[in-house]
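Below is one structure, written out as structure tokens, with a few remarks after it.
The values are calculated or read from the model by the stated rules, or taken from the named source; none is laboratory data. The shown structure was predicted, so the numbers you read here are calculated from the model rather than taken from an experiment. Virtual Cβ from ideal backbone geometry, glycine too; neighbours counted across all protein chains shown. Surface areas here come from the heavy atoms of the whole protein model, side chains and all, with no ligands, DNA or RNA. Shrake-Rupley method; radii C 1.70, N 1.55, O 1.52, S 1.80 Å.
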Amino acid sequence: MLDIAFTTHSLVALVGVCQDRDGANACASYSLERRSLVSHRVIATQLPLPKLPYPFLEQPSLAAQGPSVIVVADPTGPRSASPQLLLSRSSNAPIVDLVRPSLVSVTACTLHLRAPAIWASCPTGMLVGELRAGTFTGHFTRFWWPSGTIGDAFAPVNAQTAYRLVVNQRETGAVLERTTDGGAAFVTVAPIVAPQFALGGSTLAFVSLLHGFLTVSKFSDHRLHPIVWATTNVGRQWVQVFPSTTRA
């Protein structure tokens with residue numbers, strides 16, 4: 001089992017036929033398994049991925065919302081092996097198989113389903129392509145090309161609204177920006193300064209239009225320590241929620 005996600009009525013698992021190849025988990029084929037949360041019945045369907053002369057070294061990624069499940073695979077190798085987006089609704093069959101060259105990346109893109117749209121984050125080395133499709137079967141358009149190393153981050157909320165963290169050129173701080181038109185334009189909603197700002201692996205998530213979380217990593221004692229901040233007013237104020245600042 002390589003990845004799991006919940007739909008409205010089932011637990012969905014991405015399962016691969018894999019082997020260890022010089023320390024890498026290389027898989028030759030994949031299937032999608034839906035386990036009913038009521039009857040526990042399992043329905044398995046083979047994914048129609050290309051037959052390659054070697055195993056996949058980069059694993060597909062899985063995302064779900066409501067009854068819909070999407071798998072994106074980006075096999076490396078011959079030019080005929082283009083990124084594929086596989087859509088399953090309610091039950092596994094039939095599976096809609098779509099070729100999406102715009103989703104080419106170093107590792108499989110991370111998808112965020114926000115019906116009717118899809119947001120995709122696709123690593124390409126030092127940069128990350130941020131893309132959006134207006135529907136689950138639509139074509140993707142790139143709207144941002146942030147750095148994948150200094151702390152830029154992206155967080156979709158719904159089909160049209162998303163937030164992004166943009167580090168300034170001097171790398172001394174950042175701004176929190178919001179789009180309400182699917183990434184066509186962004187406006188600044190709040191500055192991000194220390195201690196919430198830190199260079200490196202920042203992650204951003206919003207559970208509503210106002211309530212979000214920011215994770216930064218601080219290096220001390222020869223280790224990276226994650227710190228999680230929360231806001232309920234779109235970044236105007238932040239409260240540290242991990243590690244807890246309340247003494248027992």
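The single residue among F213, F242, F186 that is at pLDDT 85 or above, open to solvent by 90 Å² or more (accessible area, probe 1.4 Å) and hydrophobic (A, V, I, L, M, F, W, C) turns out to be F242.
Going by what's in this entry, would A13 be described as at pLDDT below 80 and open to solvent by less than 20 Å² (accessible area, probe 1.4 Å)? Here the answer is no, as A13 does not meet what is asked.
Considering G125, G134, G129, the condition of being surrounded by fewer than 16 Cβ atoms within 10 Å (Cβ to Cβ) and under 25 Å from A64 (Cβ atoms) is satisfied by G134 alone.
For the range 89-112, the condition of being farther than 23 Å from V166 by Cβ, under 11 Å from the mean Cα position of the chain (by Cα) and either modelled with pLDDT under 90 or surrounded by fewer than 17 Cβ atoms within 10 Å (Cβ to Cβ) (or both) holds for at least one residue. Applying the set (1) without any contact (Cβ under 8 Å) to a residue 60 or more places away in the chain; (2) surrounded by 18 or more Cβ atoms within 10 Å (Cβ to Cβ); (3) not in a strand (DSSP E or B) to G151 leaves exactly one unmet item: (1). Inside the range 116-166, residues that are within 19 Å of L209 (Cβ to Cβ), modelled with pLDDT of 95 or more and small (G, A, S) make up a count of 4.
For the range 189-210, residues that are surrounded by 20 or more Cβ atoms within 10 Å (Cβ to Cβ) and closer than 17 Å to N233 by Cβ total 4.
Here is the figure for the range 38-62: residues that are within 17 Å of M1 (Cβ to Cβ) and modelled with pLDDT of 85 or more total 10.
Does at least one position in the range 63-72 carry a residue that is open to solvent by 40 Å² or more (accessible area, probe 1.4 Å), assigned to a loop (DSSP other than H, G, I, E, B), over 28 Å from S147 (Cα atoms) and at pLDDT 90 or above? Outline the logic, then answer.
Of the residues in the range 63-72, the ones open to solvent by 40 Å² or more (accessible area, probe 1.4 Å) are 65, 67.
Now narrow it down to the ones that are assigned to a loop (DSSP other than H, G, I, E, B): 67.
Filter once more, keeping what is over 28 Å from S147 (Cα atoms): 67.
Filter once more, so that each one left must be at pLDDT 90 or above: none.
For the range 63-72, residues open to solvent by 40 Å² or more (accessible area, probe 1.4 Å), assigned to a loop (DSSP other than H, G, I, E, B), over 28 Å from S147 (Cα atoms) and at pLDDT 90 or above: absent.
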